[in-house]
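The values are calculated or read from the model by the stated rules, or taken from the named source; none is laboratory data. Computed from a prediction, not measured in an experiment: that's the story for all the values here. Methodologically, a virtual Cβ is constructed for each residue, glycine included, from the backbone with ideal geometry; neighbour enumeration extends over all protein chains shown.
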Amino acid sequence: MSKEVFRFQHTPYDGSSHPFTVGLKPIDEKEWLEPDAFLVPHLAEKDRLLAEFDDAVFRAEDGTEEAQREVLALIVENLKQYHGKTHKFEAGCVVIADRGPAVDLASVPALLTAARLVQEDLVLMRPGPDGYRLAAASLSFPSSWSLAEKFSKSMSAIHEMVPGFNGARMGLMVARLFDNLKVGQCVCRFNWSIYPDDELYNPKPHRIDMRDDVPLLSRLFLRVERQTLRRLPGSGDIIFTIKIHHDPLRALVGHPERGQLAGQLRTQLMALDPDQLRYKGLANARDELARGLSELSTSEAGVM
């Protein structure tokens, strides 16, 4: 299967979603997980990061063991039911994509075992006096945030630097959604950013800088996060999944809908306020990027 098939699999910047909004939509159980052509290399990268960084990519509070087992059970059941082409179950282990790793399902911690089966990062949110907090996580592919800094913190503390989250309608809406999420429900949202590289492990804040020698559109990447939420039936905790998609901006040149995608991306880019631009690392490059997208959206040949 060609990797190119999965370029622009999700395009939330096309107007279907908006940055710095909640934007949750219900999805079916069969849509919860997304193994794709990058499954094996992404899982290999998770294993490499775990060996190199250890507690920078996995942490868990004492007392979360049962909830971790719940997550593993849900993922195993979903993979068995919907993803038999990529995951083969045999003798207590899972062989992934025929040539990928064999994962022992009895390995502990269970949340880490679950994370070694799927491309998604897995974050366990547990209710407490200050709202939901990050109680456990396998976070191999962060987008400008650190598990070490956010571990055991509340939702409001985790999103302290997100413009408009705390003290505004968005934070209250998220808290209410977490409280009201029912067992059996699965919801999804998207987030997009623009990065200078396609590294999966990106824990540090980034900034797009101007360079005279290389046009912006030819060297930047659209980083899309597909995020899902569902409540665990036993513990009542919430499992939050994050799947990363990378698309080089230069690939828009050959996209059959490049005009619409480039135009809508420019519209969303221009709608960001100064704080939002700084948060996304785009304050210095917004105008040049907007010019390039405008030219691309109106070019029949899509030549940059």
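For the reader, a short list of remarks on this structure follows.
- Looking across the stretch 165-180, the residues that are crowded, with 17+ Cβ neighbours inside 10 Å and either assigned to a loop (DSSP other than H, G, I, E, B) or without any contact (Cβ under 8 Å) to a residue 40 or more places away in the chain (or both) come down to F165, G171.
- Conditions (1) part of a strand (DSSP E or B); (2) modelled with pLDDT of 95 or more; (3) not β-branched (V, I, T): number failed by G236: (1)
- Residue ID - surrounded by the most Cβ atoms within 10 Å (Cβ to Cβ), chosen from residues in the stretch 123-141 that are closer than 11 Å to Q68 by Cβ and hydrophobic (A, V, I, L, M, F, W, C): A136
- Every residue from the stretch 18-72 that is aromatic (F, W, Y) and out of contact with any helix residue (DSSP H, G or I) (no Cβ under 9 Å at 6 or more places or on another chain): F53
- Looking only at the stretch 134-164, and only at residues there that are free of Cβ contacts under 8 Å to residues at least 24 places away in the same chain and outside any helix (DSSP H, G or I), the one that is nearest to G236 (Cα to Cα): K153
- Filter result for R230 (crowded, with 21+ Cβ neighbours inside 10 Å and not β-branched (V, I, T)): yes
- Consider the stretch 247-304 and keep the residues that are over 28 Å from M161 (Cα atoms) and of a type in the set (S, T, N, Q). The one that is nearest to the chain's Cα centre (by Cα) is Q260.
- Condition met for R230 (of a type in the set (K, R), at pLDDT 90 or above and touching a strand residue (DSSP E or B) at 6+ places or on another chain (Cβ under 8 Å)): yes
- In the stretch 46-63, the residues that are modelled with pLDDT under 95 form Cβ pairs under 9 Å with partners that are assigned to a helix (DSSP H, G or I) and among the aliphatic types (A, V, I, L, M), at six or more places apart or across chains, as follows: D55/L147; D55/A148.
- Scan of the stretch 181-221 for residues that are aliphatic (A, V, I, L, M), in a loop (DSSP other than H, G, I, E, B) and surrounded by 14 or more Cβ atoms within 10 Å (Cβ to Cβ), ordered by number: L181, L200, I208, L220
- Residue pairs whose Cβ atoms lie under 9 Å apart, sitting 6 or more positions apart in sequence or on different chains, and linking a residue in the stretch 96-121 that is more than 19 Å from P41 (Cβ to Cβ) to a partner that is assigned to a loop (DSSP other than H, G, I, E, B) and modelled with pLDDT of 95 or more, are L105/L117; S107/R116; P109/T64; L111/T64; T113/L105; T113/A106; T113/S107.
- In the stretch 10-28, the residues that are under 13 Å from Q264 (Cβ atoms) reach residues that are part of a loop (DSSP other than H, G, I, E, B) and of a type in the set (K, R) with C-beta atoms within less than 9 angstrom, at least six apart or across chains, in these pairs: P19/K280.
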